[in-house]
Structure formats: C-alpha cells, structure tokens
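Here is the structure we will look at, set down as structure tokens.
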Amino acid sequence: MFDVDEALERLTRYLDDNGLKSTAQRRLITRIFFDPKHRQEHPSVEDLYLRVRDQDPKVGYATIYRTLKLLVDAGLANPSRLGDNQTRYEPDVPGEHHDHLVCTACGAILEFEEDRIEALQESVAKRMGFNLANHRMVLYGEPDDPCTAPQCERRPSTSPQP
C-alpha cells in the first residue's frame, strides 16, 4: 500500500531533481492530501485549503495550488473535472485503478472497480489496434430515490426526527 511517507519521499526526490525546495508547507499539504482518512474525497483546491488551514492558518490558496501542481507534475496526483465544474484531485497510487460514478443530484463522487469493464476496454483497444496505456471512465447518473451515496445531502437521515 502506498502511504504518506512514500508520497513524501517521491515528492522530495522530484523537488531535488528539479532544483526546488522541500518546504514544511509543501510537506504538510502532501501529508493531508495523502491522509488515508480522506483518500476518496477528491478535494478541490478550496477543500484542501480548508483542511490545511486547520493545521497551519498561514498557508494560502496560492501555496495549495502550486503544491497540487507539483504533485501532478511529480506523478503523485491526478486532476479531474467530475461534474461540478471544479478541478478535483486524487492521489495517483501506483498499481491502483478505479473509475468514478458521479451523482447528478448531489455531486457525490463514488469510486468503483469492475473487472468486466476493464476487460472490455482492453478488448476494444486491441480490436482497434491499440495497446491501452491508460484510461479514465466517469459515469454520471441520477440516483435511486432516495440517493444511496453516503455523502448525499438528499439521503434520508438515520437519526430520529423530532
């Protein structure tokens, strides 16, 4: 499993190789971005800023944005637009792959893996004369009523109503 320490090592190597400084703020942002508790959240710059600000109020938006760009350039993060017209980021973990389903009602982003879809994509690429190097699949859909996404604001409350 790829962890925070490995991400920090890879970032430090990337920064050294490119003559850039490894600062405490960059390390903090990377630690928070790779925190296992938040692995499936697909944060925007704003989301990450709010999490980082709780630990270091001196970190500004520009530092978050520049650090995310460094993480992308270092091959540690993937940017995506997943339905809400914001760029969202997720860790690029070696050997891991998943696709996304976006709820059009609440914007929840759900990750899933399906071997049959992966095999079909490989088959299509081969049939068309390609060796598949990489791909992204994002499905958009309306939820069941009620939405079953854990993050959904429309999801019925599990606590008793007053």
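The values are calculated or read from the model by the stated rules, or taken from the named source; none is laboratory data. This one's a predicted model, so the numbers in the text were calculated from it and none came from an experiment. Positions of Cβ are generated from backbone atoms using ideal geometry, with glycine treated the same way; all protein chains shown enter the neighbour counts.
Return a yes/no flag: does the range 124-132 have any residue that is within 18 Å of ASN78 (Cα to Cα) and among the charged types (D, E, K, R).
For the range 124-132, residues within 18 Å of ASN78 (Cα to Cα) and among the charged types (D, E, K, R): absent.
Quick one: which residue in ASP84, ASP35, ASP92 is under 18 Å from the mean Cα position of the chain (by Cα), within 30 Å of ASP145 (Cα to Cα) and without any contact (Cβ under 8 Å) to a residue 60 or more places away in the chain?
Matching residue, one of ASP84, ASP35, ASP92: ASP84.
Take the residues in the range 38-75 that are assigned to a helix (DSSP H, G or I) and of a type in the set (Asp, Glu), then tell me which one is nearest to the chain's Cα centre (by Cα).
Within the range 38-75, the match that is nearest to the chain's Cα centre (by Cα) is ASP47.
Any chance you could count how many residues in the range 28-37 are in a helix (DSSP H, G or I) and out of contact with any helix residue (DSSP H, G or I) (no Cβ under 6 Å at 6 or more places or on another chain)?
4
Could you look through the range 109-145, keep only residues that are at pLDDT below 90 and not in a loop (DSSP other than H, G, I, E, B), and pick out the one that is farthest from ASP92 (Cα to Cα)?
For the range 109-145, the residue satisfying everything is GLY141.
If I filter the range 81-101 down to residues being out of contact with any Leu (no Cβ under 8 Å at 6 or more places or on another chain) and closer than 20 Å to LEU8 by Cα, which single residue comes out as modelled with the highest pLDDT? Walk me through it before giving the result.
At the first step, the residues of the range 81-101 found to be out of contact with any Leu (no Cβ under 8 Å at 6 or more places or on another chain) are 81-87, 90, 93-98.
From what's left, closer than 20 Å to LEU8 by Cα: 90, 93-96.
On the way: GLU90: 88, VAL93: 77, PRO94: 74, GLY95: 74, GLU96: 79.
The qualifying residue modelled with the highest pLDDT is GLU90.
With the checklist (1) touching a Phe, Trp or Tyr at 6+ places or on another chain (Cβ under 9 Å); (2) within 24 Å of LEU110 (Cβ to Cβ) in hand, flag the one item LEU50 doesn't pass.
Unmet for LEU50, out of (1) touching a Phe, Trp or Tyr at 6+ places or on another chain (Cβ under 9 Å); (2) within 24 Å of LEU110 (Cβ to Cβ): (1).
With (1) touching a helix residue (DSSP H, G or I) at 6+ places or on another chain (Cβ under 7 Å); (2) closer than 30 Å to GLY141 by Cβ as the list, and GLU90 as the residue in question, which single condition is left unmet?
All conditions pass for GLU90, except number (1).
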